[in-house]
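Colleague: One structure, pasted below without further comment.
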C-alpha cells in the first residue's frame, strides 16, 4: 500500500553534468517515524535532502508524496505540501529578533487603522514566545535578536518554526553537528516530541550515537548509492557503524593505535 | 522596649513585602539589561549623537552668524532635504544588502529626460515628467535585474551604470542643446499648474505670512517674511521618509528587506521572494534619484550634465552615519535622515564659520570613519553569542 508512506523516492538518480550525485536511491518514509539518513561526507546526503526539499528535481526516478507523484520546481511548493527542511545554516538572521525570524516570509498581518496591512507584532511576539516555551526554550523577550541565543536554542527555534507552520515532514540536516552534549540531547528530545505529534522526521547525521537512540529506521548512503534501509530491530548500533563509510577505517586506525601503544 | 518592638515589626514587614517578589520564578539565564544598553542597540543612536554634536559645534562657532536664523535654517534644511530623499532610497537598498552607485548619474539623466522633450521635441511638460519617472524606474529595474540575475556585486553593475548614464546625459545635452546645460525649462514649469504645484518652489505661504504677522519670524522691511514658504523638497523628504520608515518597521515587505539583507540564502529558504525585493528596491532608488532630479530642475530652471555628481557617495555616507550596516540587514530610515541632516548642516554651516570651507570634506570623511567604527562595534556586540 503506497499510502503507508508519506514520502517515497523510487529509484531516484541525480546527475550534475558528468557527476553522478545519486544513483538509483530508494527511500521510503513511513508516517510518524524518525528515519535516519546516515552517510559520510560526499555520500550524497545533501543532494538527497535537496531533492526531497524541492531544490533539485530528480534526473530519473519518481518522487511521491502521500502516494501521489510530484515534481517540485521550488522549495516553496514542497513547503506547501508540508515538507519543511531545516538546513544547517538554519535560515535564521542573527541581527533580527526572535519573532521576526520566526515569522520571516509568513508574517501575520492585521489592518492598521482599518486599511493598511501591517505585521501584527504583538501576536508574533506572543506566539513565538509560546511556541518556544512548548519546546522547552524560555525567551523572556521575543524582540531580542537571535544572535543572543545559543546554537542549540537556534536549532530548536528553527524546528519549532517548521512545526508551527504545519510541517508534516521535517527534514533535519545534521541538527546536532555543531552542538554540545546537552544541547544535542535537547534537540533529540525535540525530535521525539515532534514524532509524538505525528510528524515524520528525516534526520541526517553521521553521528550514530545521536541517531541510534531516536531513530525507527536507517538508510545508509555511500558514494551516491543506498546501502539499504533497516528497521531498528534488525540492526545493532555496531552493525550500523560498520556499514557506514569510514567505519572500517576507524577500526583499522584503532587497531593501529592500540598496536603501537602495546 | 518599644523601640525594639518597632524595629522588629518593620523588619517583619520588610520581609513580607519582599516575599511575593521572590516567589516569581525567574530564569537564571536571563539578565537585566540597562536602558542604556537597550538604547545602544538602536541603529539611530550614532546619528542622533552626531547631530547633537554637529549642532553644538556650529552653535559655538557660528551661533551669531545667522546660521540658525530662519533663512539660514531653510538654507541647510534644503540641502539636507535633497540628500535626504536619495538617502531614504539608498537606506532601504543597503539594508537589503545592495548598493546603487548610479544614483548620482541618474539625477543628471532624469534632469535631461525632463528638460529635453519639452524644449526640443515639443512634448508637454507633464508628459516629460512622467517619462522621466518611468524611464528612471525602468533603468532601476534593469540595474536590479542584472544584479540578481548575474549575482555580480551590485557595486560593479551600478558602477557601470554610473558611467553609462553620466555619459548619456552629456551626449544628450550636447546633442540637443549644443551645451552641457539645457536651459529655459523653468518657464515651462511655471506654465504647468499641476507639475509646478508638485515640484516647484515653496509651500505653506499662508503659515509663514501668519507667523510673520504675529512677529514670530523675521520680516523684511516690506512686512513680508524673510522666507516666503517651506521648500517643497522638504515636504517630499518628510513624506518619503515617513512612508519608507513605516514600510520598513511595520509591514511584511519591511521584514523581507531585513531578511534579504541579513542572509539572502536564509530568506530564500523561508520563502521570501529575494529577487523581487531587491529589484523593487533598485526601482525605489531610481525613483528617489529621479525625484531629486525633477525637483532640482524645477528649482534651478535648467538641466545640466554634471548634476548629482558624487551624490551616490553622499547618500551612502548619510546612510552609514545613520547606523545602517554596509553588509546589510540592519539600519533605520530615521538614522539615514539624521545622516542627511548632518550633511546639510556641515556643508552649509562651515561657510558661516571662520573655518576655511576646504575643510568640509575632511570633516565629512572623519564623520564617516567614526560612524563606521561605531557601527562595527554595535554589530559585533549584537551578533555575538552570549
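Any read-out appearing in this document is the output of simple, stated calculations on the displayed coordinates, not a laboratory observation. The model shown is predicted, which means the values in this text are computed figures rather than measured ones. Note: ideal-geometry Cβ built from the backbone for every residue, glycine included; neighbour counts use all protein chains shown.
Colleague: If I take R0 = 60 Å and measure r between the Cβ atoms of residue A:193 and residue B:226 in this structure, what FRET efficiency does the formula 1/(1 + (r/R0)^6) give, to the nearest 0.05?
Modeller: That gives a FRET efficiency of 0.25.
Colleague: Hey, how much of the P(r) for region A:123-181 falls beyond 18 Å, as a percent of Cα pairs?
Modeller: 34 percent
Colleague: Is the shape of region B:186-274 rounded, prolate or oblate, going by the alpha carbon gyration tensor and its root eigenvalues a ≥ b ≥ c, with a/c under 1.5 for rounded and a/b larger than b/c for prolate?
Modeller: In terms of gyration-tensor shape, prolate.
Colleague: Would you order A:173, B:263 from fewest to most other beta-carbon atoms within 10 Å of each residue's own beta-carbon?
Modeller: Going from sparsest to densest Cβ surroundings: A:173, B:263.
Colleague: Mean shadow of region A:92-150, computed from the convex hull of its alpha carbons, in nm²?
Modeller: Computed as one quarter of the Cα hull surface, the answer is 4.3 nm².
Colleague: With N set to the number of residues, divide the alpha-carbon radius of gyration of chain A by 2.2 N^0.38 Å and report two decimals.
Modeller: Compared with the compact-globule rule of thumb, chain A sits at 1.10.
Colleague: Another question about this same structure. How many Å³ per residue does the convex hull of the Cα positions in chain B occupy?
Modeller: 225 Å³
Colleague: So, in Å, what gap is there between the alpha-carbon centers of region B:271-302 and region B:98-145?
Modeller: 10 Å
Colleague: Another question, then. If I model the protein assembly as shown as equal point scatterers sitting on the Cα atoms and use the Debye formula, what is log10 I(q)/I(0) at q = 0.06, 0.07, 0.10 Å⁻¹?
Modeller: One equal scatterer on each Cα of the protein assembly as shown leads to -0.48, -0.62, -1.00.
Colleague: Let me ask something else about it. If you count, for each residue, the other Cβ atoms within 10 Å and average over each peptide, how do B:284-290, A:184-190, A:195-201 line up from highest to lowest?
Modeller: B:284-290, A:184-190, A:195-201
Colleague: Taking other Cβ within 10 Å of each residue's Cβ, how do B:222, A:46, A:74 sort, fewest first?
Modeller: Ordered from fewest to most neighbouring Cβ atoms within 10 Å, B:222, A:46, A:74 come out as B:222, A:74, A:46.
Colleague: Can you give me the angle between helix B:360-383 and the longest principal axis of chain B, using Cα atoms only, in degrees from 0 to 90, rounded to the nearest 10?
Modeller: 40 degrees
Colleague: Taking the Cα atoms only, what angle lies between the long axis of helix A:121-134 and the longest principal axis of chain A, rounded to 10 degrees?
Modeller: Helix A:121-134 and the main axis of chain A meet at about 40 degrees.
Colleague: Using 7 Å Cα-to-Cβ label points, what is the residue B:151/residue B:356 separation (nm, one decimal)?
Modeller: About 5.1 nm, to one decimal.
Colleague: Relative to the first principal axis of the alpha-carbon coordinates of chain B, what is the inclination of helix B:252-262, with its axis defined by its Cα atoms, in degrees from 0 to 90 and to the nearest 10?
Modeller: In chain B, helix B:252-262 runs at an angle near 80 degrees to the longest axis.
Colleague: Before rounding to the nearest 500, sum -39500 (n - 2.57) across all DSSP H runs of length at least 4 in chain A and divide by the residue total; then give [θ] at 222 nm in deg cm²/dmol.
Modeller: Rounded to the nearest 500, it is -10500 deg cm²/dmol.
Colleague: What three numbers, in Å, describe the spread of the alpha carbons of region A:78-125 along their principal axes, ordered from the longest?
Modeller: Here the Cα extents, ordered largest to smallest, are 40, 29, 13 Å.
Colleague: Let me have the 222 nm mean residue ellipticity of chain B computed from DSSP H runs of 4+ only, each contributing -39500 (n - 2.57), with the sum over all residues rounded to the nearest 500.
Modeller: Computed ellipticity for chain B at 222 nm equals -24000 deg cm²/dmol.
Colleague: Provide Rg over Rh for region A:1-136; use the alpha carbon set for both Rg and the Kirkwood Rh (inverse mean inverse pair distance).
Modeller: 1.07
Colleague: What is the Cα centroid distance between region B:181-202 and region B:305-339, reported in whole angstrom?
Modeller: Using only Cα atoms, the two centres lie 28 Å from each other.
Colleague: Could I ask something else about it? Report, as an integer, the average count of C-beta atoms from other chains found within 10 Å of each Cβ along A:101-111.
Modeller: Shielding by partners across A:101-111 averages 5.
Colleague: Over the C-alpha atoms of region A:127-220, what are the Rg and the largest Cα-to-Cα span, Dmax, in Å?
Modeller: When restricted to Cα atoms, region A:127-220 yields Rg and Dmax of 13.1, 42 Å.
Colleague: Return the Cα extents of region B:77-196 along principal axes one, two and three, sorted largest first, each rounded to a whole Å.
Modeller: Principal axes ranked by extent give 44, 33, 22 Å for the Cα atoms.
Colleague: Pulled fully out, how much extra length does the chain show between residue A:60 and residue A:116, if you take 0.36 nm times their separation in residues and subtract their Cα-Cα distance?
Modeller: Residue separation times 0.36 nm, minus the Cα-Cα distance, leaves 15.4 nm.
Colleague: Over region A:180-235, what per residue volume does the convex hull of the Cα atoms give, in whole Å³?
Modeller: About 90 Å³ per residue, rounded to a whole number.
Colleague: Right, another one. Sorted from fewest to most neighbouring beta carbons within 10 Å, what does the list A:208, B:260 look like?
Modeller: Result, fewest neighbours first: A:208, B:260.
Colleague: Rounded, prolate or oblate: which fits region A:62-196 when a ≥ b ≥ c are the square roots of the eigenvalues of the alpha-carbon gyration tensor, with rounded for a/c under 1.5 and prolate only if a/b beats b/c?
Modeller: Oblate, because a/c is 1.5 or more while a/b does not exceed b/c.
Colleague: Okay, moving on. Running a GNM on chain B with Cα contacts under 10 Å, which residue among B:371, B:267, B:80 ends up with the highest mean-square fluctuation?
Modeller: B:267
Colleague: Just round it to a whole percent: the fraction of Cα-Cα distances in region A:33-113 exceeding 23 Å.
Modeller: Distances greater than 23 Å cover 38 percent of the Cα pairs.
Colleague: Okay, moving on. Hey, any idea what the orientation-averaged projected area of the convex hull of region B:241-386's Cα atoms comes to, in nm²?
Modeller: Convex hull of Cα atoms, orientation-averaged projection: 11.2 nm².
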